[in-house]
């Protein structure tokens, strides 16, 4: 039973709770770095590394971090790992570092990482937090890879920089622009929704009750937080 539970934690981020196609998080880096397969994979792996490390570290400190300042503490931890990833890429993968540019630093405020820290890592053991980070990271990488493949093949007529017959002479340039990115993103969300039969994740698991500003929100968060109490 324990193995099945751990397997469920690992696999849920790949499709059922995919951070990009189901939870609709990390939209900015998703659209910005998926014009090419290489940049998408680079962003996906960098985010995955930060996600796994921050999940583990936050889970280790979950009983030591005061509830009132947990969000600032989470951001400091995430920023620390992002800095390490930046330094590593700058030293050993300079081309990738230049390609990702400012979006590498913006991993710090990626909603996927902060969201998993708040909703999972801060409430579970180190092992489960690590599995959640791996699963969500794989889901993020696969999402970026699928979108970037469609956009690069149709928009640039290539795959990972390698020219493809027919596509290289019949490019659809809009696919490498913002409208093309939104179009592909929307279609992929619809496809995943169809595959999963539109089964939404449990409202209780991802409610507004965990939001630090829920009590001051004049919209649905304040109402929902009161109902949960």
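The values are calculated or read from the model by the stated rules, or taken from the named source; none is laboratory data. Bear in mind that the values here come from a model prediction, so they are computed numbers and not experimental data. As a convention, Cβ positions derive from the backbone with ideal geometry for all residues, glycine included, and neighbour counts pool all protein chains shown.
A compact table of results
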| item | result |
| --- | --- |
| Residue in the stretch 72-87 that is under 30 Å from residue 191 (Cα atoms) and out of contact with any helix residue (DSSP H, G or I) (no Cβ under 8 Å at 6 or more places or on another chain) present | no |
| Residue check for residue 41: in a helix (DSSP H, G or I), in contact (Cβ under 8 Å) with a residue 40 or more places away in the chain and under 18 Å from residue 79 (Cβ atoms) | no |
| Evaluation of residue 156 against (1) surrounded by 15 or more Cβ atoms within 10 Å (Cβ to Cβ); (2) out of contact with any strand residue (DSSP E or B) (no Cβ under 9 Å at 6 or more places or on another chain); (3) modelled with pLDDT under 95 (one fails), failing number | (2) |
| Number of the condition not met by residue 46 [criteria: (1) under 10 Å from residue 139 (Cβ atoms); (2) under 14 Å from the mean Cα position of the chain (by Cα)] | (1) |
| Condition met for residue 167 (surrounded by 13 or more Cβ atoms within 10 Å (Cβ to Cβ), over 14 Å from residue 148 (Cα atoms), in contact with a helix residue (DSSP H, G or I) (Cβ under 8 Å, 6 or more places away or on another chain) and at pLDDT below 90) | no |
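Matching residues to (1) within 18 Å of residue 111 (Cβ to Cβ); (2) assigned by TED's automatic domain parsing to the domain that holds residue 117; (3) modelled with pLDDT of 90 or more; (4) outside any loop (DSSP other than H, G, I, E, B):
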| residue | (1), (2), (3), (4) |
| --- | --- |
| 14 | no, yes, yes, no |
| 25 | yes, yes, yes, no |
| 34 | yes, yes, yes, no |
| 52 | yes, yes, yes, yes |
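Listed here are the residues, each with its yes/no results for (1) in contact (Cβ under 8 Å) with a residue 12 or more places away in the chain; (2) within 13 Å of the chain's Cα centre (by Cα); (3) surrounded by 20 or more Cβ atoms within 10 Å (Cβ to Cβ); (4) more than 29 Å from residue 185 (Cβ to Cβ).
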| site | (1), (2), (3), (4) |
| --- | --- |
| 29 | yes, yes, yes, no |
| 56 | yes, no, no, yes |
| 59 | yes, no, yes, yes |
| 65 | yes, no, no, yes |
| 98 | no, no, no, no |
| 133 | yes, yes, yes, no |
